[in-house]
Amino acid sequence: MLKAKDVMTTDIATIRGSATVADAVKMMNGSQRRALIVERRHDQDAYGIVTETDIIYKVVAYGLDPKKMRVYEIMTKPCIVVNPDLGVEYVARLFANTGIHLAPVIKDTLLGVISIGDILAKGDFVEQPKSIVLADRIQQAIEEARAVCAEKGATSKDCAAAWDIVEELQAEAAHQQAKPLPKTAFEEYCEENPDAFEARVYDT
């Protein structure tokens, strides 16, 4: 699965919060960017973001003078940030849930930015849709769990651990599709092997 760091853009454009909105417009127009990351004032400070939408909605729409307004007056701070190891599908879900189109990628320091354009251009969702990849992984995990249980016994810890893996994958698939599972693979297995429920009782 591709991660944010695999598709992010490392050519980052930053601006100080004290810069004028006119300066931000000039930077955006000169580099064909739709957003700028607002620099931190110190290590404990948060990053901010100013977008073309901020400028249009908060400055242009009210006829204000961008040469007199400062970036800090219209920016969003702290802004939503993305961990570089977050899966691209989850970045897309984050964007969908929040309505944003771009976010800085940060782990201790600013590493890059990721946008809906990056996901569209560099993502592998056409070749490897997450739902199909997950379905294949779930099927493989079910086969492995059944094999472990056949060898170690339906009430063994190894059997329980193998089904835990299956259920984690099924939970991920259900979360991604935003619909609950009617029945887990482990519940189906327990219909065939009622004693398997005992495998969920671990020694402490």
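The values are calculated or read from the model by the stated rules, or taken from the named source; none is laboratory data. It should be emphasised that the depicted structure is a prediction, and the values quoted were computed from it without experimental measurement. Quick reminder, even Gly has a Cβ in these numbers, built from the backbone with ideal geometry, and neighbours come from all protein chains shown.
Within the stretch 116-136, does at least one residue satisfy the condition of being at positive phi and of a type in the set (Gly, Ala, Ser)?
Taking the stretch 116-136 as the starting set, the residues that turn out to be at positive phi are none.
No - not one qualifying residue is present in the stretch 116-136.
The single condition among (1) in a loop (DSSP other than H, G, I, E, B); (2) modelled with pLDDT of 95 or more that ALA46 does not meet is (2).
Go through ALA24, ALA96 for me and flag whichever is assigned to a helix (DSSP H, G or I), of a type in the set (A, V, I, L, M) and within 12 Å of the chain's Cα centre (by Cα). Before you say what the answer is, go through the steps one by one.
Values: ALA24 fails: within 12 Å of the chain's Cα centre (by Cα).
One residue alone meets the criteria, ALA96.
Touching a helix residue (DSSP H, G or I) at 6+ places or on another chain (Cβ under 7 Å) and either under 19 Å from SER115 (Cβ atoms) or not polar (S, T, N, Q) (or both) - does that describe any residue in the stretch 40-49?
In the first step, residues of the stretch 40-49 are kept if they are touching a helix residue (DSSP H, G or I) at 6+ places or on another chain (Cβ under 7 Å); the result is none.
Within the stretch 40-49, not a single residue is touching a helix residue (DSSP H, G or I) at 6+ places or on another chain (Cβ under 7 Å) and either under 19 Å from SER115 (Cβ atoms) or not polar (S, T, N, Q) (or both).
Sub-9 Å Cβ pairs linking a first residue in the stretch 1-15 that is under 14 Å from SER31 (Cα atoms) and in the same structural domain as ARG40 (by TED's automatic domain parsing) to a second residue that is exposed (fewer than 15 other Cβ atoms within 10 Å of the Cβ) and modelled with pLDDT under 95, at least 6 apart or interchain, are THR9/GLY117; ASP11/SER31; ALA13/SER31, ordered by first then second residue.
VAL50: within 19 Å of the chain's Cα centre (by Cα) and among the β-branched types (Val, Ile, Thr), yes or no? In short, no. All conditions but one from (1) over 28 Å from HIS175 (Cβ atoms); (2) free of Cβ contacts under 8 Å to residues at least 24 places away in the same chain; (3) not polar (S, T, N, Q) apply to LEU120; the one that does not is (1). Only one entry of ALA185, ALA141, ALA103, ALA147 meets the criterion of being at pLDDT 90 or above and farther than 30 Å from ALA13 by Cβ, and that entry is ALA147. Here GLY99 meets each of (1) within 30 Å of THR51 (Cα to Cα); (2) of a type outside the set (A, V, I, L, M, F, W, C); (3) in contact (Cβ under 8 Å) with a residue 12 or more places away in the chain with one exception, condition (3). Residues that are surrounded by 13 or more Cβ atoms within 10 Å (Cβ to Cβ) and among the charged types (D, E, K, R) were ranked within the stretch 42-89; the one that is nearest to ALA13 (Cα to Cα) is GLU52.
Looking across the stretch 98-116 at every residue that is more than 15 Å from ASN83 (Cβ to Cβ) and not β-branched (Val, Ile, Thr), the one that is surrounded by the most Cβ atoms within 10 Å (Cβ to Cβ) is identified as LEU102. The set of residues in the stretch 141-154 being in a helix (DSSP H, G or I), in contact with a helix residue (DSSP H, G or I) (Cβ under 9 Å, 6 or more places away or on another chain) and not aliphatic (A, V, I, L, M) consists of GLU144, ARG146, CYS149, GLU151, LYS152.
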